[in-house]
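Reviewing the structure listed below.
The values are calculated or read from the model by the stated rules, or taken from the named source; none is laboratory data. Every value quoted in this text rests on a predicted model; they were computed, and no experiment measured them. When we count neighbours, we look across all protein chains shown, and the Cβ atoms used for this are built from the backbone with ideal geometry, even at glycine. The area values use the complete protein model at the heavy-atom level, side chains included, leaving out ligands, DNA and RNA. Shrake-Rupley method; radii C 1.70, N 1.55, O 1.52, S 1.80 Å.
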Amino acid sequence: MPQLPYDLAGKRVFVAGHRGMVGSALVRRLARENCKIVTATRADLDLTQQMAVDAWFRTVKPQAVFLAAAKVGGIHANNTFRAEFLYENLVLATNILRAAHETGVEKLMFLGSSCIYPRLAAQPMREDALLTGPLEPTNEPYAIAKIAGIKLAEAYRLQYGRDFISVMPTNLYGPGDNYHPEHSHVVAALIRRFHEAKVSGGKSVAVWGTGTPKREFLHVDDLADACVHLMRVYSDAGLVNIGSGEDIAIADFARAVARTVGFEGAITSDASRPDGTPRKLLDVSKLASLGWRAKTPMDAGLAHAYASYVDSMR
Ligand code: GDP
């Protein structure tokens, strides 16, 4: 295995999923690392096709890989497209991990997600909570696929000495988010809904569920910075949580989004929509001990996300 710190300078670094919110943030952050960023569009490389992925890795020979490609969505999308969330996430993770192993990639980071910890894991959730209890039913297919990816990365490390590491980001938001009214995550959904209400003069905006679930949010540029940091300094089989270390009730969060957007009407709750898991806060003490902390305060992060949403509407 390569020595620590692992230096990305001069390396061919493949960002799988570079069009997504996380992948594009990684590309922005890696631009400061003096490495050669390699990407592939969906037309050039279908990550769900094993032979295509194998051939691409043999030709391009990336030395480091950030595995940020995934089929993602909010609570409704996860709960509805259960077959696609399980199949696509499983197959693209196994294809990339195996090709990285076969072609001798020096270092690989697999990105999991905090929603794959057990539904009722003790809060804040430590890395060793993984696989200690039943999953949240609404996103179980996605979680099963991500857990399989983490275990495959770990297996290549333990069996073959591959320097594959896995991280667990919390709920993310920022430029490049998906603003679909039904299929997005809560941050993007609320930015859009409050904005549209403000523009159309709407009197009230409904927030899904009871408003009592709590969530932790991290700006995606902070995540990318943490990933690059861990790629340098971390090499072990254990996961590393990446979060801000603070959570907020959805009802309070909705008020913060309304403030950011400048919506002054009423906020109501739509009880026909699911709450999902009651609380999801990561224990970030391991990350802190590795020398990284979140930098973007929520108000500044929301203002930035809102500006990028308005920009993308133009
Ligand atoms: P989760 O963290 O996997 O549950 O993903 P989401 O971001 O989809 O949902 C987080 C929380 O926000 C849940 O309790 C949702 O019920 C709540 N929520 C409130 N309004 C919305 C909305 O408009 N869209 C989504 N996706 N969630 C919402």
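The distance between label points at Thr80 and Ala55 comes to 3.5 nm (points 7 Å beyond Cα on the Cα→Cβ vector). Orientation-averaged projection of segment 143-184 equals 4.2 nm² [convex hull of Cα atoms, one quarter of hull surface area].
Between Ala249 and Met1, the modelled labels are 4.4 nm apart [label points 7 Å from Cα along Cα→Cβ].
Close amide H pairs (under 5 Å, H built 1.01 Å from N) link Val65 with Phe14, Lys107, Leu108, Met109, residues at least 5 positions away or on another chain.
Under 5 Å between amide hydrogens, built in the peptide plane, is the criterion, and for Leu282 it picks out Met125, Gly245 among residues at least 5 positions away or on other chains.
Rounded if a/c is under 1.5, else prolate if a/b is larger than b/c, else oblate: which is segment 36-195, with a ≥ b ≥ c the root eigenvalues of its Cα gyration tensor? List each step's numbers first, then the result.
Values: a/c = 1.95, a/b = 1.34, b/c = 1.45.
Oblate, because a/c is 1.5 or more while a/b does not exceed b/c.
Can you give the charge dipole size of segment 176-264 about its Cα centre, rounded to the nearest 20 debye, using +1 on the beta carbon of Lys and Arg and -1 on the beta carbon of Asp and Glu? It would help to have the intermediate numbers written out before the result.
On the way: 9 positive and 12 negative charges, 85 e Å.
Dipole magnitude for segment 176-264 comes out near 400 debye.
Any idea how far apart Ile144 and Arg98 come out in nm if each label point goes 7 Å out from Cα toward Cβ? For Ile144 paired with Arg98, the spin-label model returns 1.9 nm.
Cross-link candidates for Lys71: which lysines have Cα within less than 20 Å, leaving aside residues fewer than 8 places away along the same chain? Straight-distance partners of Lys71: Lys146, Lys151. Could you state the number of Å between the C-alpha centres of segment 1-75 and segment 192-270? A separation of 26 Å, based on Cα centres.
With all protein chains present, how much of the accessible area of segment 233-309 (probe radius 1.4 Å) comes from carbon and sulfur, to the nearest whole percent?
Roughly 51 percent of what the probe reaches on segment 233-309 is carbon or sulfur.
Using Cα springs under 10 Å in a Gaussian network model of the chain, which residue among Ala271, Ala254, Ala237 shows the largest mean-square fluctuation? So, out of Ala271, Ala254, Ala237, the one fluctuating most is Ala271.
Please report, in debye to the nearest 20, how large the charge dipole of segment 1-115 is about its Cα centre when each Lys and Arg carries +1 at its beta carbon and each Asp and Glu carries -1 there.
Values: 14 positive and 9 negative charges, 63 e Å.
About 300 debye.
This model, with +1 at the C-beta of Lys and Arg and -1 at the C-beta of Asp and Glu, gives the chain a dipole about its Cα centre of some 360 debye. Applied to segment 86-94, the Karplus parametrisation 6.51 cos²θ - 1.76 cosθ + 1.60 on θ = phi - 60° returns per-residue 3J(HN,Hα) values of 6, 5, 5, 5, 5, 6, 6, 5, 5 Hz, with x for Gly and Pro.
Counting only protein heavy atoms, what percent of the accessible surface of segment 1-59 is carbon or sulfur at a 1.4 Å probe? Can you show the working numbers first?
Working: 1660 of 3390 Å².
Within segment 1-59, the accessible surface is 49 percent carbon and sulfur.
Per residue, the solvent-accessible area of the chain (1.4 Å probe, heavy atoms of protein chains only, all protein chains present) comes to 44 Å². When the chain is described by a simple charge dipole with +1 on each Lys and Arg Cβ and -1 on each Asp and Glu Cβ, the residue from Leu92, Leu158, Phe57 located farthest towards its positive end is Phe57.
Placing unit charges on each Cβ (+1 for Lys and Arg, -1 for Asp and Glu) gives segment 213-267 a dipole about its Cα centre, and among Thr260, Gly243, Val233 the Cα reaching farthest toward its positive end belongs to Thr260.
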